[in-house]
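Worksheet: one structure, shown below.
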């Protein structure tokens, strides 16, 4: 069958397994954009101490450089996804890429804390436009099961590996150039993505009369702001602080109101049919819980490599490269071959359990451990597992969805990752701090004792991360349907061949 777009009628999808050159370029373009958004969650973290020293702002202000991005990105994803559905995915993709690049340039040139914070917030705003536009373009472009599995394997592998790439890139740029290049680097990625978009992407159909659900926007944005802000405050203020509890409670209440609103309005911001599907709902939950476990790996293993093994920023980032390679191998190799045949149900639980085993291996680390003997094997196992989690889950998150809902369905998978990361930040940092306090209670402090208590706190985090991965395995095994994923029967590529 063929479908008409603004560019005219398009031919039917090609035979399974065949990817025309322009469609291959589109995958590269969309993957580049995804990499830019994902790595920015970690690349700036490596540069923050240097930026703080250069711009002379406080530790409390430093936290806002991370929180500002997370708040804007997490709270506006649903709106960004719906705007893609209403006003065109390519159009919003280009707006997101340009806006993200300009915000990065602004941050790189910042001469003080205020301008750097504004730039990070703007990065979050345009990231919330860009991320769902990219994933929804992928969803409506690759529709044949084998071709779709290959595309989502690449895209999912990049999503899983992006945090580690950010650590490596941040370390290299900070050590050999300047912290400002951790932001300027986005200009090169954005330029490549824009050139590729001009060549490969074609605008698809959009509703003739879009209606924006303003009550839904209001309750969703404020609810997600409350949730993300409250989780951020939990790390610094504690779970019983009013600064934590008040925004968390308000966020939960507003999100409940949001669900009530969505059930009653004619053109909802988030049609509930998107999330009540077992496989799609399971994918959102799976990615969120896996995100909690991944946070324990990236943050606390980074601490261990830097503080205990005395790795430089570049060495710390490079230490994650074997894991990233394994993510890509299992995502592109195994997931591509198996998802069209068996679907996500056997793969995601297997991957989550593998990741849990790798987390458990990390609980053996001590002050005398070595990278090759003790860290590397665990990273290889974790990488193999994560590749089997993210690629099939992202595929399932948008499978069988109507084209009119592709943007908002894509936004939901990003919300799952963002909220999972925020929960991981708050929860695992709290567990680590409690572990240190417990280890030092009633004992005379000494450098050796403090180092041992810190290692014990890492063990606590890795055990909890393993537990979250086991929970991810159980829920994905229960919620995903057996067999290959559904494909939208009306789906046809939005790209010319």
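The values are calculated or read from the model by the stated rules, or taken from the named source; none is laboratory data. Just so it is clear, the structure is predicted and the values come from calculations on it, not from any experiment. When we count neighbours, we look across all protein chains shown, and the Cβ atoms used for this are built from the backbone with ideal geometry, even at glycine.
Residue selection: residue 170 fails the criterion of being modelled with pLDDT under 85, over 11 Å from residue 395 (Cα atoms) and either in contact with a helix residue (DSSP H, G or I) (Cβ under 8 Å, 6 or more places away or on another chain) or surrounded by 22 or more Cβ atoms within 10 Å (Cβ to Cβ) (or both). A single member of 171, 216 is under 23 Å from the mean Cα position of the chain (by Cα), in contact (Cβ under 8 Å) with a residue 12 or more places away in the chain and part of a helix (DSSP H, G or I), and it is 171.
Hey, any hits in region 411-422 for a residue that's surrounded by fewer than 17 Cβ atoms within 10 Å (Cβ to Cβ) and touching a helix residue (DSSP H, G or I) at 6+ places or on another chain (Cβ under 9 Å)? No, region 411-422 contains no residue that is surrounded by fewer than 17 Cβ atoms within 10 Å (Cβ to Cβ) and touching a helix residue (DSSP H, G or I) at 6+ places or on another chain (Cβ under 9 Å). Between 283, 335, 266, the distinction of being within 28 Å of residue 408 (Cα to Cα) and part of a loop (DSSP other than H, G, I, E, B) belongs to 266 only.
Given the condition part of a loop (DSSP other than H, G, I, E, B) and modelled with pLDDT of 90 or more, answer yes or no: does some residue in region 420-442 qualify? No, because not a single residue in region 420-442 is part of a loop (DSSP other than H, G, I, E, B) and modelled with pLDDT of 90 or more. With respect to the conditions (1) surrounded by fewer than 21 Cβ atoms within 10 Å (Cβ to Cβ); (2) over 13 Å from residue 382 (Cβ atoms); (3) at pLDDT 90 or above, residue 312 falls short on a single one, namely (3). The residues listed here are 62, 23; of these, the one that is more than 16 Å from the chain's Cα centre (by Cα), outside the structural domain of residue 217 (by TED's automatic domain parsing), touching a residue at least 24 places away in the same chain (Cβ under 8 Å) and surrounded by fewer than 24 Cβ atoms within 10 Å (Cβ to Cβ) is 23.
Filtering 388, 365 for residues that are part of a loop (DSSP other than H, G, I, E, B), within 25 Å of residue 473 (Cα to Cα), in contact with a helix residue (DSSP H, G or I) (Cβ under 8 Å, 6 or more places away or on another chain) and at pLDDT 90 or above leaves a single hit, 365. You will find that of 195, 256, 202, the residue that is more than 19 Å from the chain's Cα centre (by Cα), assigned to a loop (DSSP other than H, G, I, E, B) and within 27 Å of residue 135 (Cα to Cα) is 202 and no other.
Yes/no matrix, rows are residues, columns are (1) modelled with pLDDT of 90 or more; (2) surrounded by fewer than 24 Cβ atoms within 10 Å (Cβ to Cβ):
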| position | (1), (2) |
| --- | --- |
| 287 | yes, no |
| 295 | no, no |
| 303 | no, yes |
| 330 | yes, no |
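A count restricted to region 202-222 and to residues that are modelled with pLDDT of 80 or more, in contact with a helix residue (DSSP H, G or I) (Cβ under 8 Å, 6 or more places away or on another chain) and surrounded by fewer than 22 Cβ atoms within 10 Å (Cβ to Cβ) stands at 5.
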